Amino acid sequence: MSTIQTQASYGIIGGTGVYQPDLLEQPKQHSIATPYGDVSLHIGRLQGKTVAFMPRHGKGHAVPPHKVNYRANIWALRSIGVQQILATAAVGSLHAGLQPGSLVLVDQFIDFTKQRPVTFFEGEQGVVHIDMTDPYCGRLRGEVSKAADCLGIVLQASGTYVCTEGPRFETPAEIRMFAGFGGDVVGMTSVPEVVLAKEQEMCYATVAMVTNYCAGISKEALTHREVMEVMQANVANVRELFYQVIED
Ligand code: HPA
């Protein structure tokens, strides 16, 4: 590990199933000190650009969603100059028509988290309220959509992400409520990550990878193993998508 010298233009936050820095050329591990704790990430080259890669759940998926140090992660990326973040997230589907294996470029969220630090603005600089009309960056989403078209990758261009606290999966009653509220997919990590990126004025987009039907939509009990297996089958597509976005 080394102390940071480099500046990176893009950051990739890999969610469940996306852990390997090997999507970068010559990745080097760095430890970045932040006011919220140290963060380990890799910096390397991708399509001629300097890119930082961070597995959201740490090495080998050690950190559960409610314990991810979201503030440290976003602060670390900002501190090395990252202005654009491409994130992946495993999600369950709230609709029978949105099948496992689908990719959704989410554009809205509904927040059902309960006990996470959710802001950088704790009152020291006065009270700050950030606008959330467009939580996910429209420009970057446009680039991801264009890249998907170009590569022939099927991607739903919008969708509402319901964020739960986890780490448990949801009850069928919760899932019925989320669907009634207008949600499309359910996951445990996009909030507060997207909010913190917005507070730092970074351009942030998430490609949600549907790994399963949510509880009660599928007749089977949901397992983490199922989530991982579907994710593995999809990782190559997302990788290609990010290469194309970063190249353009
Ligand atoms: N619920 C919450 N988070 C998830 C799911 C789910 O069904 N699948 C993958 N992440």
For this session: Could you give me the residue pairs with C-beta distances under 6 Å whose first residue belongs to the stretch 168-182 and is closer than 10 Å to Ala215 by Cβ, whose second residue is within 14 Å of the ligand (Cβ to nearest atom) and assigned to a loop (DSSP other than H, G, I, E, B) wherever it lies, and which are 6+ apart or on separate chains?
Result: Phe169/Leu222; Pro172/Gly216; Ile175/Cys214; Ile175/Gly216
Seminar exercise, completed: In the stretch 215-248, anything free of Cβ contacts under 8 Å to residues at least 40 places away in the same chain and of a type in the set (Gly, Ala, Ser) is listed as Ser218, Ala221, Ala236
Exercise. Restricting the first residue to the stretch 93-106 and requiring it to be of a type in the set (D, E, K, R), which pairs with a second residue that is within 12 Å of the ligand (Cβ to nearest atom) meet a Cβ separation below 6 Å and a spacing of at least six or different chains?
Worked result: none
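Scanning the stretch 98-107 for residues that are of a type outside the set (Gly, Ala, Ser) and farther than 19 Å from Pro65 by Cα, which turns out nearest to the ligand (Cβ to nearest atom)?
My answer is Pro100.
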For this session: Using the structure shown, decide if Gly159 is touching a Pro at 6+ places or on another chain (Cβ under 7 Å) and within 16 Å of the ligand (Cβ to nearest atom).
Result: no
Exercise. Which residue out of Leu77, Leu98, Leu94 is over 19 Å from Val191 (Cα atoms) and modelled with pLDDT of 95 or more?
Worked result: Leu98
Seminar exercise, completed: Exception for Thr164 within (1) within 14 Å of the ligand (Cβ to nearest atom); (2) touching a residue at least 60 places away in the same chain (Cβ under 8 Å) falls at (2)
Seminar exercise, completed: Every listed condition ((1) touching a helix residue (DSSP H, G or I) at 6+ places or on another chain (Cβ under 9 Å); (2) within 20 Å of Ile175 (Cα to Cα)) holds for Pro65 save (1)
Problem set entry | Members of the stretch 208-224 found to be more than 7 Å from the ligand (Cβ to nearest atom), of a type outside the set (Gly, Ala, Ser) and closer than 27 Å to Leu86 by Cα, listed by number | Met209, Val210, Tyr213, Thr223, His224
For this session: Hey, can you tell me all the residues within the stretch 164-196 that are closer than 24 Å to Ile130 by Cα, acidic (Asp, Glu) and surrounded by fewer than 22 Cβ atoms within 10 Å (Cβ to Cβ)?
Result: Glu165
For this session: Kindly check whether there is at least one residue in the stretch 116-138 that is within 16 Å of the ligand (Cβ to nearest atom) and in contact (Cβ under 8 Å) with a residue 24 or more places away in the chain.
Result: yes
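The values are calculated or read from the model by the stated rules, or taken from the named source; none is laboratory data. The shown structure was predicted, so the numbers you read here are calculated from the model rather than taken from an experiment. Every residue, glycine as well, gets a Cβ built from its backbone with ideal geometry; the counts of neighbours run over all protein chains shown.
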